[in-house]
Amino acid sequence: MKKILITEFMEQDSVNKISELFDVNYDPSLHENIERLSSQIVSVDAIIVRNKTQLNEALLTKARKLRFVGRLGVGLDNIDIDYCSEKSIVVQPATGMNADSVAEYVISCSLSLLKNIPPAHQGTVSGKWPRSPIKSRELQGKTIGLLGFGVIGKKVSMLAQAFGSKIVAYDPYIPQSDAKKYNTSLVKSRDLFECSDIISIHLPLTNETKNLLNYSSFSEMKNKPIIINSSRGSIVNQRDLVKAYNDGLISGFALDVYESEPVKENFYSNISSTMNCILTPHTAGVTIESNTRVGQFIADKTIQFFN
Ligand SMILES: NC(=O)c1ccc[n+]([C@@H]2O[C@H](COP(=O)([O-])OP(=O)(O)OC[C@H]3O[C@@H](n4cnc5c(N)ncnc54)[C@H](O)[C@@H]3O)[C@@H](O)[C@H]2O)c1
């Protein structure tokens, strides 16, 4: 019987489904114990992970029988893809399964930050009744710039257009015709910086995208936009982001992902409750519904692979 190791949270019905066919070890905190993980990975045919298990070369060399990696999510930066392809280990992400959750997160942050909800809430609960200093705005008529126009970028585009927003995107790897189907114009990154009221990032972390938003790019932004990053932390220079906010180059930001996770004190200690910002703990893609979709998808793919 094939052995499957699950090292992080997986929705229980999906665990049950694969347990009917395989010898499953479901240990959702195993990713925290590298020593135990190293000894268990030796004998398994498949491993199922979220984003906390670091499947690096040192660990993968121990996995002599491994043929399949199921990723309960889409980012693959915790997996040594080159090593897997060299050893013919199939890596299966849950492509698109949490895209709706992330797209809704982007819309909810856009609305909250345009309406200055974080400082309005803080002012109200501290008895300040901040009616006049808070200048709310509408999503209707705003330009949203999407960095990356893949699965999630396209979902955000469709939702935002229902609010009457105009969408531009920077993605040199897709054809203009693809964007046109979504009523979206492809533009250069510099033009996107210049015209957007909200900039939302939907890129993979690569050598090209690392540190893409830094003080120099914030300085090119003309409309004091709101910045939303739900992709990968290191795409935005966090120190520069806070400096850009304090210098008035941007009017708010939402971060779901960070240069290191959990977020470090030397970053969050710079955030005050009066700032127009929202910080969440890498949960944009995690909803009750997406957990079910992601779990079922990876369970089905694991079963198909070994059949
Ligand atoms: N916060 C969360 O919970 C969460 C959940 C799901 C996905 N994500 C992250 O969101 C990001 C986007 O996911 P997706 O499913 O839309 O990915 P995707 O692969 O469908 O889309 C990424 C797009 O980025 C484009 N791209 C790549 N390199 C580029 C570059 N240098 N410049 C401009 N465009 C470039 C690609 O052409 C592609 O269209 C990923 O980083 C993923 O890990 C986060």
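The values are calculated or read from the model by the stated rules, or taken from the named source; none is laboratory data. Note that the structure is a prediction, hence the values are computed from the model and not measured. With ideal geometry, Cβ positions are generated from the backbone for all residues, glycine too; neighbour counts draw on all protein chains shown.
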Could you please tell me which pairs satisfy a Cβ distance under 6 Å, a separation of 6+ or placement on different chains, a first residue in the stretch 98-123 that is closer than 22 Å to Ser231 by Cα, and a second residue that is more than 10 Å from the ligand (Cβ to nearest atom) and assigned to a helix (DSSP H, G or I)?
Ala103/Leu159; Ile107/Leu159
Considering Glu220, Glu208, Glu194, which residue is farther than 27 Å from Pro118 by Cβ, of a type in the set (Asp, Glu) and without any contact (Cβ under 8 Å) to a residue 40 or more places away in the chain?
Glu208
Within the stretch 155-192, how many residues are crowded, with 23+ Cβ neighbours inside 10 Å and either out of contact with any strand residue (DSSP E or B) (no Cβ under 7 Å at 6 or more places or on another chain) or not assigned by TED's automatic domain parsing to the domain that holds Ser110 (or both)?
0
Name the pairs whose Cβ atoms lie under 7 Å apart, with the first residue in the stretch 152-165 and closer than 13 Å to Asp100 by Cα, the second among the aromatic types (Phe, Trp, Tyr) and within 14 Å of the ligand (Cβ to nearest atom), and 6 or more positions between them or separate chains?
Lys154/Tyr182; Ser157/Tyr182; Met158/Tyr182
If I go through the stretch 265-291 residue by residue, how many of them are away from the ligand (no atom under 12 Å from the Cβ), among the β-branched types (Val, Ile, Thr) and within 13 Å of Val106 (Cα to Cα)?
1
Scan the stretch 60-94 residue by residue and report those that are surrounded by fewer than 20 Cβ atoms within 10 Å (Cβ to Cβ), touching a residue at least 24 places away in the same chain (Cβ under 8 Å) and either of a type in the set (Phe, Trp, Tyr) or at positive phi (or both).
Tyr83
Filter the stretch 292-307 down to residues that are aromatic (Phe, Trp, Tyr) and within 15 Å of the ligand (Cβ to nearest atom), then give me how many there are.
1
Might you check whether a residue that is more than 28 Å from Gly248 (Cβ to Cβ), in contact with a helix residue (DSSP H, G or I) (Cβ under 7 Å, 6 or more places away or on another chain) and away from the ligand (no atom under 16 Å from the Cβ) occurs anywhere in the stretch 151-167?
no
Take the conditions over 20 Å from Asn270 (Cα atoms), free of Cβ contacts under 8 Å to residues at least 60 places away in the same chain and either small (Gly, Ala, Ser) or surrounded by fewer than 23 Cβ atoms within 10 Å (Cβ to Cβ) (or both) and apply them to Lys243. Does it pass?
no
Given Ser234, Ser177, Ser216, which one is in contact with an Asp or Glu (Cβ under 9 Å, 6 or more places away or on another chain), within 16 Å of the ligand (Cβ to nearest atom), over 20 Å from Ser108 (Cβ atoms) and part of a helix (DSSP H, G or I)?
Ser234
